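Contents: one structure, followed by commentary.
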Amino acid sequence: MAKVRMTRKHFLDDRQGKTFADVLNDANQPFDVVLEFFNDPDRQRRMEESELHHDRSPLAGVVRELESLPAVDKFLGDAHIRRNTRFRQAIGVLVRIIMERRGWQKTGRKGSLGVRASREENTAAHNTGGLAFWFLRSERYERTEGMPFRSVRERGQDFASAAAQQPRKRDRGIRSKT
């Protein structure tokens, strides 16, 4: 799949992206750093591979690298709850735009990225476990033309259904060697 190039204009042209103009227009928020980060074709490939091969949200494929960017880590480490939340939501919208342009659609499900720490006053919301430190969950996607692999859940349901229809060894006259 060809690389998707995102700009501030592309983001603001999106129906949901335009509701985050405050994030883009706030010089203290490193959204330009985030745009540059997500414009990398290898990261976009890893986002797709996260869904295809690891059964995890696209953000899970790049979240550690994203959080390690000094500007992003510093901003999310501030205790400005509303601004941090809006910034993380804007990143989720950016991921959606990229995934949709690469032929994916939302599933309506969220994937876990971390286990939230108990809230302390004047500290930024962060995690104590999981994959990410700052992000709690993110949207899951599926290919518009269908997924090439079945999920473990689907395969498990089929396996259980087939096993329930098979006669047990004892019922077929076969003795076990115990």
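Read the figures in this text as sums done on the coordinates, not as results from a lab. Keep in mind the model is a prediction, meaning the values are calculated, not measured. Please note: Cβ atoms are built from the backbone with ideal geometry, for glycine as well, and neighbour counts cover all protein chains shown.
Taking region 101-140 as the range and being out of contact with any helix residue (DSSP H, G or I) (no Cβ under 8 Å at 6 or more places or on another chain) and among the charged types (D, E, K, R) as the test, the residues that pass are 101, 109, 110, 116, 119, 120, 121, 137.
So which of 103, 61, 92 ends up being of a type in the set (Gly, Ala, Ser), under 30 Å from residue 146 (Cβ atoms), touching a strand residue (DSSP E or B) at 6+ places or on another chain (Cβ under 9 Å) and without any contact (Cβ under 8 Å) to a residue 60 or more places away in the chain?
On the way: 103 fails: without any contact (Cβ under 8 Å) to a residue 60 or more places away in the chain; 61 fails: touching a strand residue (DSSP E or B) at 6+ places or on another chain (Cβ under 9 Å).
Answer to the selection: 92.
On inspection, residue 131 qualifies as over 28 Å from residue 14 (Cα atoms) and either touching a Leu at 6+ places or on another chain (Cβ under 8 Å) or of a type in the set (Asp, Glu) (or both). Being more than 30 Å from residue 152 (Cβ to Cβ), of a type in the set (Gly, Ala, Ser) and out of contact with any helix residue (DSSP H, G or I) (no Cβ under 9 Å at 6 or more places or on another chain): is that true of residue 79 here? For residue 79, the condition - more than 30 Å from residue 152 (Cβ to Cβ), of a type in the set (Gly, Ala, Ser) and out of contact with any helix residue (DSSP H, G or I) (no Cβ under 9 Å at 6 or more places or on another chain) - is met.
The number of residues in region 132-170 that are farther than 25 Å from residue 49 by Cβ and hydroxyl-bearing (Ser, Thr, Tyr) comes to 1.
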